[in-house]
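Throughout, read-outs are computed from the coordinates displayed, never taken from laboratory work. These numbers were taken from a predicted model, which means no experiment stands behind them. No Cβ is skipped: glycine too gets one built from the backbone with ideal geometry, and neighbour counts run over all protein chains shown.
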There are 2 protein chains.
Amino acid sequence: LKRRLPDLRLVDIDNAGDAIDIALIWKVPPGLERFGNLRAILSLGAGVDQLDLDTLPKNVPLARLKDDSLTACMIDYCRLAVLRYHRDFHLYERLSREGGPWRYELPKRTSERCVGILGLGELGGAVAGDLVSAGFQVAGWSRSRKEVAGVRSCIGPEGLEEIAAMSEILINLLPLTPQTENILNRQFFSKMRVGSYLINVGRGRHLAEDDLLWALDEGRLAGATLDVFRTEPLPAGHPFWGDRRILVTPHIAAAGNPETAADYVAENIRRALRGERLLNQVDVSRGY
Amino acid sequence: LKRRLPDLRLVDIDNAGDAIDIALIWKVPPGLERFGNLRAILSLGAGVDQLDLDTLPKNVPLARLKDDSLTACMIDYCRLAVLRYHRDFHLYERLSREGGPWRYELPKRTSERCVGILGLGELGGAVAGDLVSAGFQVAGWSRSRKEVAGVRSCIGPEGLEEIAAMSEILINLLPLTPQTENILNRQFFSKMRVGSYLINVGRGRHLAEDDLLWALDEGRLAGATLDVFRTEPLPAGHPFWGDRRILVTPHIAAAGNPETAADYVAENIRRALRGERLLNQVDVSRGY
C-alpha cells in the first residue's frame, strides 16, 4: 500500500487517536464508532459475514475485498472438483487403492453434464463463466436475475427447486446472510437429483451438517467436496472425517495474494478520499 | 458416413472381392495387399502403433484419426490430473480418509508451477495450449522445434534432460515408435526433480514399469497417474494396484465420438478420391 500510495499514513487502530479516514478491518474492532470522520470501511475478506453489521458506524460506506488471484484460485478449485466427479476420479481413486478391478466406462462429454451454481456474484459468476468455457451446461441461482453468457439464470424459491432438480454437480458460492444460513438442508437435498454431488466453497454455516449425512445415507447425494465448515479446523472425530463419500479440504479453495489485493484496496482508498462509490460496496440491508 | 457421403459403398473387407478404394482399419487385416487399386488407408486410432507398418502396402497413403471430441476429452483429463497434484487433492483425499489431521497450506498459484509435456503433436499441442491458458509455466519436448504460444520448446537429447529437470508435473503424450518405447525409464527419472509427478496418457510401452517403482521408492517421483499399461486391462495383482502413490485409470483419458470422427473420416475419403494429401498423413519412415 505504501508503494502504491506514498502519501498514505498507516496507523494501528489502537494508536490512532480519534482521527482516521479509512479503516481496513477483518473483524469489527472495539471503539470504531469514535472515529467521527471515517469515510470508508474496507473489509479484508471476500465476504462480510465475519462482521456484525449492526455494530458498524451508520452511513459509512463498507466494501468487500476483491482480489483477482483469489478469484483465479477459486476457479481452479471448482474446475478441479467438478472434473473429478465428471471423470469419475473419485471412483478410480478407490479402485486403485483397493487393487481394482479395472472398470472401463466411456467418459461422458462435458456438454452432457449439468453443473449448478448457487450465487452468481464476484466468485460465482467467474466460476460459471469458466465452466461454460469448459463446455458444461451451467445454471446459476441468484437473488436477482443475472446475465452470464451461456448460463441459465434461476431466481426465487421456484428457481432454487429448479436448479436442485437440474444439477448433477452443485456448487455453493452464496454470501452468508440470515437468509442463506442452512440453505443446504434436508428440504433442499430432497429436491436434488438422485446420485448428484455437492461442492461447498461458500461458508460452513450454509450447510446443515446432519442433513448432508442424511442425504448421503439416502443415496440422494453420491458425494460431497467440502472446503468450509461450521468449526474450522474441522475437529478430530467429526463424522465428515473418514467418510469415504466426503472429501475434506482445509479451507484452501481460494487464497488471496497481497500484491493483487493491494491494487484493489489502493483503488478503493482513492475512491473514498474523492467521495466516490466504492468497488464492491456492501448493501448493508441485504447483508452483502 | 453414409449420411455424409450418400454415394459411398461400404463393404466388409472379407466380402470385398479385390476392388476397394479406401480401407478403414484398426489392425492390419490379412490380405490387404490384394487390393491393387487402394488409394488410402485410414487408421481408426489416434496413433498407428497398433499397426505393423512393415506389413502395409507400400506407396499407399496412411492417415491417423483425428477427432475433436477425443482431443477435448484428453484436454479435460490432463487439466484434471495436473490440477489434482497442483492443488494437493491427492493428499487431501488421503487425509480425509484417514480422519485428518487438518493441514492448511497456502495454495501455490499456477504461474508458480512448471508443467512439462513430452510430445507436441495433435494432442500434446492442444493440452499445452490449455495449460498455458490456465496460467501454468509450460514446456514441451518434440522431435522438431514447435511453435506453441507460451510454450518453451525443447528438442533433442539435451532438451529431454532440460524438460525433466524443469517440470514439477510431467505429461507423456508421445507417439509410440521404436525410438520412444521405454523412454520413461530409470535414466530419464534420475534427471527429474525430486518430488515431481508423472502423468502417462501416451502408451503403456513408453513406460519401463519397474523403473517407475524404483523412482517412487527413491523419492525422485512423488506420484504417478497412469491411464495406459503394457497389458490392458491391468491384471489383478499387478504392483501398480494398491500402491497409494499411483492412480490407475482404465484407459479413459480420451474417447472418440462417432459423430465428430465421421466428419473427419469423410473429409479424408474426399481427399483420397481427389488424390490430395490426407489430413494427419503418416510419415512411415518416422513411424507417426
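Quickly work out the A:LYS108-to-B:ARG245 label distance, labels modelled 7 Å from Cα along the C-beta direction, and quote it in nm with one decimal.
Between B:ARG245 and A:LYS108, the simple spin-label model gives 3.5 nm.
Between A:THR260 and A:LEU273, how many nm apart are label points set 7 Å from Cα along the C-beta direction?
2.6
Could you give the semi-axes, largest first, of the ellipsoid that matches the stretch B:76-147, computed as the square roots of 5 times the alpha carbon gyration tensor eigenvalues and rounded to whole Å?
So the three semi-axes of the stretch B:76-147 are 30, 12, 9 Å.
Can you list, shortest first and in nm, the gaps between the label point of B:THR231 and those of its counterparts in the other copies, using a point 7 Å from Cα in the C-beta direction?
Those separations, rounded to one decimal, come out as 5.1 nm.
Have a look at the DSSP beta bridges in the protein assembly as shown and tell me what percent are antiparallel, nearest 5.
Percentage antiparallel, nearest 5: 5.
Just tell me how shielded B:128-134 is by partners: mean number of partner chain Cβ atoms within 10 Å of each residue's Cβ, no decimals.
Per-residue shielding by partner chains comes out at 1.
Want the number for A:GLU181 to A:ASP7: 0.36 nm per residue separation, take away the alpha-carbon distance, what's left?
58.4 nm
Just the Cα atoms of the stretch A:153-288, one point each, no solvent: what log10 I(q)/I(0) does Debye give at q = 0.09, 0.16, 0.18 Å⁻¹?
Summing over Cα pairs of the stretch A:153-288 leads to -0.36, -0.90, -1.04.
What gaps in nm, shortest first, separate A:ILE13 from its twins in the other copies when you place the label 7 Å past Cα toward the beta carbon?
Once sorted, the set of distances for A:ILE13 reads 7.7 nm.
What ³J(HN,Hα) values, in whole Hz, does the Karplus curve 6.51 cos²θ - 1.76 cosθ + 1.60 give for the stretch B:106-121 when θ = phi - 60°, with x put for Gly and Pro?
4, x, 6, 7, 4, 5, 9, 10, 9, 10, x, 10, 8, x, 10, x
Viscosity 0.890 mPa s, temperature 25 °C: Stokes-Einstein D of chain B from its Kirkwood Cα radius, in µm² per second?
119
How are the C-alpha pair distances of the stretch B:11-62 spread across 10 Å bins, as whole percents from the shortest bin up?
25, 62, 13
Averaged across orientations, what area in nm² does the convex hull of the alpha carbons in the protein assembly as shown project?
31.5
I'd like the orientation of helix B:89-98 relative to chain B: the angle between its Cα long axis and the longest Cα principal axis, in ° from 0 to 90, rounded to 10.
Approximately 60 degrees, to the nearest 10.
Rank-order B:5-12, A:189-196 by packing density, defined as the average count of other C-beta atoms within 10 Å over each peptide's residues, highest first.
Descending packing order for the listed peptides: A:189-196, B:5-12.
Please report, in debye to the nearest 20, how large the charge dipole of the protein assembly as shown is about its Cα centre when each Lys and Arg carries +1 at its beta carbon and each Asp and Glu carries -1 there.
My answer is approximately 800 debye.
Using every Cα-Cα pair within the stretch B:1-160, state what percent have a distance larger than 27 Å. Let's see the in-between values first.
Numbers: 6271 of 12720 pairs.
Summing the P(r) of the stretch B:1-160 above 27 Å gives 49 percent of all pairs.
Tell me the relative contact order for the stretch B:1-100 as a rounded percent, counting alpha carbon contacts under 8 Å between residues six or more apart.
Details: 78 pairs, mean separation 19.2, N = 100.
Worked out over the stretch B:1-100, it gives 19 percent.
Dipole size in debye (nearest 20) for the stretch A:105-233 around its Cα centre, Lys and Arg Cβ +1, Asp and Glu Cβ -1?
300
For the protein assembly as shown, what is the calculated [θ] at 222 nm in deg cm²/dmol (nearest 500), taking -39500 (n - 2.57) for each run of four or more DSSP H residues and dividing by its residue count?
The per-residue figure over the protein assembly as shown is -9000 deg cm²/dmol.
Take the Cα atoms of the stretch B:224-288, build their convex hull, and give its volume per residue in Å³.
Spelled out: Cα convex hull of the stretch B:224-288, divided by residues, is 132 Å³.
Hey, for B:TYR104 with labels 7 Å out along Cα-Cβ, what do the inter-copy distances come to in nm, ordered shortest first?
4.7
Once you average over the residues of A:227-237, how many Cβ atoms of partner chains fall within 10 Å of each Cβ?
Per residue, the average neighbour count from other chains is 2.
Calculate how steeply helix B:156-166 sits against the longest principal axis of the alpha-carbon atoms of chain B, using the helix alpha-carbon long axis, and give the answer as 0 to 90 degrees to the nearest 10.
40
At what distance in nm do the modelled label points of B:LEU91 and A:ASP54 sit from each other, each positioned 7 Å from its Cα along Cα→Cβ?
Placing both labels 7 Å along Cα→Cβ, they lie 4.2 nm apart.
Per residue of A:67-76, what is the mean number of Cβ atoms on other protein chains within 10 angstrom of that residue's Cβ?
Rounded to a whole number, the mean comes out at 2.
Answer with one residue from B:ALA266, B:THR249, B:THR225: the one whose Cα lies farthest towards the positive end of the charge dipole of the stretch B:198-288, charges on Cβ with Lys, Arg +1 and Asp, Glu -1.
In the stretch B:198-288, that residue is B:ALA266.
Mind checking the log10 I(q)/I(0) for the stretch A:187-241 at q = 0.13 Å⁻¹? Debye, one equal scatterer per Cα, no solvent, two decimals.
The computed values of log10 I(q)/I(0) come out as -0.30.
Short version: ³J(HN,Hα) in whole Hz for each residue of the stretch A:205-216, in order, from phi by Karplus 6.51 cos²θ - 1.76 cosθ + 1.60 (θ = phi - 60°), x for Gly and Pro, what are they?
For the stretch A:205-216, the Karplus-derived couplings read 6, 6, 9, 7, 5, 5, 5, 5, 4, 4, 5, 5 Hz, x marking Gly and Pro.
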